[in-house]
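The values are calculated or read from the model by the stated rules, or taken from the named source; none is laboratory data. The model shown is predicted, which means the values in this text are computed figures rather than measured ones. Cβ placement follows ideal geometry from the backbone for every residue including glycine, while neighbour counts extend to all protein chains displayed. Heads up: the accessible areas ignore ligands, DNA and RNA and are worked out on the full protein's heavy atoms, side chains in. Shrake-Rupley method; radii C 1.70, N 1.55, O 1.52, S 1.80 Å.
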Amino acid sequence: MLAKVYSSALQGIDAYPVEVEVDLARGLPKFNIVGLPDAAVKESKERVTSAIKNSEFDFPVRKITVNLAPADIKKEGSSLDLSIAIGILKACGAMKADELCHYTILGELALDGKVRRINGVLPIALELKERGMKGLIIPEENAREASVVKELDVFPVKSLLQTAKFLEHELSIEPYKYDLKKALKEASSYEVDFSEVKGQLHVKRALEIAAAGAHNILMIGPPGAGKTMLAHRLPTILPDLTLDEAIETTKLHSVAGLLFTHQALVGIRPFRSPHHTISEAGLIGGGRIPRPGEISLSHNGVLFLDELSEFPRHVLESLRQPLEDGLVTISRALTSITYPARFMLVAAMNPCPCGYFGDPRRECSCTPLEIQKHLNKVSGPLLDRIDIHIEVAGVRREDLLGKGVGEPSTQIKKRVNQARNIQLTRFKRSSLYCNAQMNPKHIRRFCSPEKEAQDLLRSAIPELGLSARAYHRILKISRTIADLDGEEKINSAHISEALQYRCLDRQLWRR
């Protein structure tokens with residue numbers, strides 16, 4: 001007897017259809033799975049066998065061959081358990097299920113026949129929508145995630161027995177429905193706010209500018225100055241995720257298994273803060289079977305690298321291409337997978353090994369050579385991709401003990417949204433969406449300062465020892481400052497403020 005069940009599998013963050021073909025033949029009892037299964041798929045033999053026996057069915061004592069087509073693509077994970085079990089029951093005559101072709105079946109089986117949640121349901125649901133499929137049978141815990149795709153009938157199941165009865169029309173299951181707008185609203189609240197930060201007005205301003213233009217930013221200051229606290233609150237002033245961005249972000253988190261149970265969407269900007277001991281594969285992505293790294297999990301959000309100078313140099317250097325391209329390609333012998341990686345880089349570091357260089361309250365114990373060596377741990381090409389360098393001084397006692405409340409994130413976000421809307425209008429005929437993405441051609445077109453501002457910038461170049469790359473960065477930052485002020489032209493005030501945000505270009509850091 002031969003049976004065919006339709007399922008699906010993942011390759012990167014994209015899904016592709018899988019046909020589970022089951023053949024029962026005479027001969028010594030044997031259970032084979034072919035079609036490039038990985039270890040988890042091969043182990044499904046034991047799970048499927050026990051689940052069928054513990055679900056009121058007799059397991060066929062026959063030679064069983066399961067083929068996973070297409071046979072030239074590696075299959076991984078446990079999501080094919082349920083479809084394999086249904087295929088065996090259909091092939092041995094334990095169920096008729098004449099309408100199997102109308103459903104895609106996914107789920108991991110427990111030994112007692114219960115169905116457990118799986119990863120990557122949203123990419124699979126989106127792929128089914130593109131192919132025009134209507135019915136998706138999945139674990140109950142994945143129902144909200146799959147219901148994001150409205151054009152799909154999602155049937156949540158709890159066990160193998162319930163699935164078999166549903167396919168035999170002995171049990172009715174209503175398609176799961178969930179309000180997408182409600183899901184996005186429920187998932188779009190932050191637990192932190194800028195009003196909780198005491199003092200540091202100039203750093204808040206720099207972060208507002210960074211958020212308005214999607215500029216990468218590096219904060220340099222002594223321990224305890226609040227760099228980490230400020231970085232954690234940056235996502236609260238970034239523009240809200242659009243529905244397309246939320247779906248794209250959710251796909252990545254779903255594939256990585258980071259969605260909470262019953263979570264439908266990732267509704268807030270991701271914030272990832274890996275430890276400085278992370279490997280290159282952990283940051284960029286990789287492994288024997290490529291998985292998304294921290295930069296992809298930060299897609300549409302913020303990647304925060306605390307203690308930047310403590311990261312291995314080769315790990316930091318691997319950021320250079322993703323920062324430019326907004327994606328990362330991982331190549332292996334069997335496959336090549338591309339993950340999106342468009343994120344804001346926020347970094348923090350001490351100005352010297354002891355951390356107190358330039359602090360008026362604590363004396364630095366480092367020699368000029370040690371300071372220079374410490375700063376040189378971050379290469380010039382990487383710094384070239386960071387627009388804003390801001391010095392973060394220690395919090396003043398008056399600010400720390402004061403009872404005043406700072407400006408809330410909602411007010412700052414309004415100004416950021418207004419500036420972003422100006423940029424979207426400016427770049428509507430190009431592929432850009434923010435000032436940080438401008439190349440020299442766009443800078444010449446959109447960043448023409450007034451004469452007084454040009455004179456100021458011309459005199460600042462030799463005075464501060466600014467390089468050519470710093471010159472372009474200052475123009476981009478000043479363009480964002482002008483957008484925040486609602487000004488079409490870049491004036492001298494915008495240039496003056498932008499010059500403050502390039503402290504690593506000044507010669508005093510090189511002495």
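So the values come out like this:
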quantity: Some residue of region 213-221 being modelled with pLDDT under 95 and open to solvent by 40 Å² or more (accessible area, probe 1.4 Å); calculated: no
quantity: Qualifying positions in region 450-501 - among the small types (Gly, Ala, Ser), without any contact (Cβ under 8 Å) to a residue 40 or more places away in the chain and assigned to a loop (DSSP other than H, G, I, E, B); calculated: SER467
quantity: Unmet requirement for TYR190, which otherwise passes all of (1) within 30 Å of GLU391 (Cα to Cα); (2) among the aromatic types (Phe, Trp, Tyr); (3) crowded, with 19+ Cβ neighbours inside 10 Å; calculated: (3)
quantity: Residue pairs meeting the criteria (Cβ under 7 Å; at least 6 apart or on separate chains; first more than 10 Å from ALA69 (Cα to Cα) and without any contact (Cβ under 8 Å) to a residue 24 or more places away in the chain, in region 11-25; second open to solvent by 20 Å² or more (accessible area, probe 1.4 Å) and in a strand (DSSP E or B)); calculated: none
quantity: Residues being open to solvent by less than 90 Å² (accessible area, probe 1.4 Å) and part of a helix (DSSP H, G or I) - total across region 46-65; calculated: 6
quantity: Candidate set: region 193-208, residues that are under 22 Å from the mean Cα position of the chain (by Cα) and either under 14 Å from VAL416 (Cβ atoms) or of a type in the set (S, T, N, Q) (or both); chosen: the one surrounded by the fewest Cβ atoms within 10 Å (Cβ to Cβ); calculated: GLU208
quantity: Residues of region 23-40 satisfying the condition of being crowded, with 16+ Cβ neighbours inside 10 Å, outside any strand (DSSP E or B) and over 27 Å from the mean Cα position of the chain (by Cα); calculated: GLY35
quantity: Selection status of LYS177, within 20 Å of the chain's Cα centre (by Cα) and farther than 17 Å from MET344 by Cα; calculated: no
quantity: The one condition in (1) open to solvent by less than 20 Å² (accessible area, probe 1.4 Å); (2) closer than 19 Å to ILE209 by Cβ that ALA436 fails to fulfil; calculated: (1)
quantity: Qualifying residue in region 124-131 (condition: in contact with a Ser or Thr (Cβ under 8 Å, 6 or more places away or on another chain), closer than 15 Å to SER78 by Cα and in contact (Cβ under 8 Å) with a residue 12 or more places away in the chain); calculated: yes
quantity: Only listed residue being in contact with a Ser or Thr (Cβ under 9 Å, 6 or more places away or on another chain), closer than 24 Å to LEU126 by Cα, at pLDDT below 90 and buried (at least 17 other Cβ atoms within 10 Å of the Cβ), chosen from GLY77, GLY12; calculated: GLY12
quantity: Strands (runs of 3 or more DSSP E) lying entirely in region 291-410 (those with 3 or more residues that are open to solvent by 50 Å² or more (accessible area, probe 1.4 Å) and either in contact with a Gly (Cβ under 8 Å, 6 or more places away or on another chain) or modelled with pLDDT of 90 or more (or both)); calculated: none
quantity: Selection status of ALA71, of a type in the set (Gly, Ala, Ser) and closer than 18 Å to LEU2 by Cα; calculated: yes
quantity: Test: VAL20 is touching a helix residue (DSSP H, G or I) at 6+ places or on another chain (Cβ under 7 Å), part of a strand (DSSP E or B) and at pLDDT 95 or above; calculated: yes
quantity: Enumeration of residues in region 263-280 that are open to solvent by less than 50 Å² (accessible area, probe 1.4 Å) and closer than 20 Å to GLN321 by Cα; calculated: PRO274, ILE278
quantity: Index of the failed condition, ASP112 passing every other in (1) open to solvent by less than 20 Å² (accessible area, probe 1.4 Å); (2) outside any strand (DSSP E or B); calculated: (1)
quantity: Lone unmet requirement of (1) in contact with a Pro (Cβ under 9 Å, 6 or more places away or on another chain); (2) open to solvent by less than 40 Å² (accessible area, probe 1.4 Å) for GLY286; calculated: (1)
quantity: Test: residue in region 440-455 that is under 28 Å from the mean Cα position of the chain (by Cα), surrounded by fewer than 22 Cβ atoms within 10 Å (Cβ to Cβ), closer than 21 Å to ARG342 by Cα and at pLDDT below 90; calculated: no
quantity: Test: residue in region 217-226 that is part of a helix (DSSP H, G or I), on the phi < 0 side of the Ramachandran plot and out of contact with any helix residue (DSSP H, G or I) (no Cβ under 9 Å at 6 or more places or on another chain); calculated: no
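Here is a yes/no grid of residues against (1) open to solvent by 80 Å² or more (accessible area, probe 1.4 Å); (2) within 23 Å of VAL255 (Cα to Cα); (3) part of a helix (DSSP H, G or I); (4) of a type outside the set (Gly, Ala, Ser):
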| residue | (1), (2), (3), (4) |
| --- | --- |
| ILE138 | no, yes, no, yes |
| ASN142 | no, yes, yes, yes |
| LEU161 | no, no, yes, yes |
| ALA164 | no, no, yes, no |
| GLU170 | yes, no, no, yes |
| ILE173 | no, no, no, yes |
| TYR176 | no, yes, no, yes |
| LEU184 | no, yes, yes, yes |
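Here is a yes/no grid of residues against (1) closer than 28 Å to PHE260 by Cβ; (2) of a type outside the set (A, V, I, L, M); (3) in contact with a His (Cβ under 7 Å, 6 or more places away or on another chain); (4) open to solvent by 10 Å² or more (accessible area, probe 1.4 Å):
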{"position": "ILE88", "(1), (2), (3), (4)": "no, no, no, no"}
{"position": "ILE105", "(1), (2), (3), (4)": "yes, no, no, no"}
{"position": "GLY120", "(1), (2), (3), (4)": "yes, yes, no, no"}
{"position": "ALA125", "(1), (2), (3), (4)": "yes, no, no, no"}
{"position": "GLY135", "(1), (2), (3), (4)": "yes, yes, yes, no"}
{"position": "GLU145", "(1), (2), (3), (4)": "yes, yes, no, no"}
